[in-house]
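Nothing in this text is a laboratory measurement; each read-out follows from the coordinates by a stated rule. Predicted model only: the values in this text are computed from it and were never measured. Cβ coordinates were reconstructed from backbone atoms using ideal geometry, including for glycine residues, and neighbour counts include every protein chain displayed.
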Amino acid sequence: MELQKLKIEELKSFDAAKLRETEKDIRRQLHEIRMDIYSGPSKHTGKIRGLRRSLARVLTMQHAASLGVVVVAGSARAASKKSVTTKK
């Protein structure tokens, strides 16, 4: 499993323990990459953005599970791209 490219569909199948484990793994990778950057030139600076997004997805799924809410993938995009007709 590549932590940089986690999707909501994959995370839906995870239980609470697996989500916590994934969160720890992502945070550990972010920490290692940041330490590499501070200690000298690093090749992995582009991974930070993907890891941060995956971490946000994991935290969202954890919060939704604690509230008992079902997360629907892609609902925000679909809502923002509604076609609007104007009267002339």
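A straight Cα-to-Cα reach below 19 Å connects Lys12 with the aspartates and glutamates Glu2, Glu21, Glu23, Asp25, residues fewer than 8 places away in its own chain not being considered. Residue ranges 54-62, 41-49, 15-23 sort as 54-62, 15-23, 41-49 when ordered by packing (mean number of other C-beta atoms within 10 Å per residue, highest first). A simple packing score, the average count of other Cβ atoms within 10 Å per residue, orders the peptides 64-72, 28-36 as 28-36, 64-72, with the highest score first.
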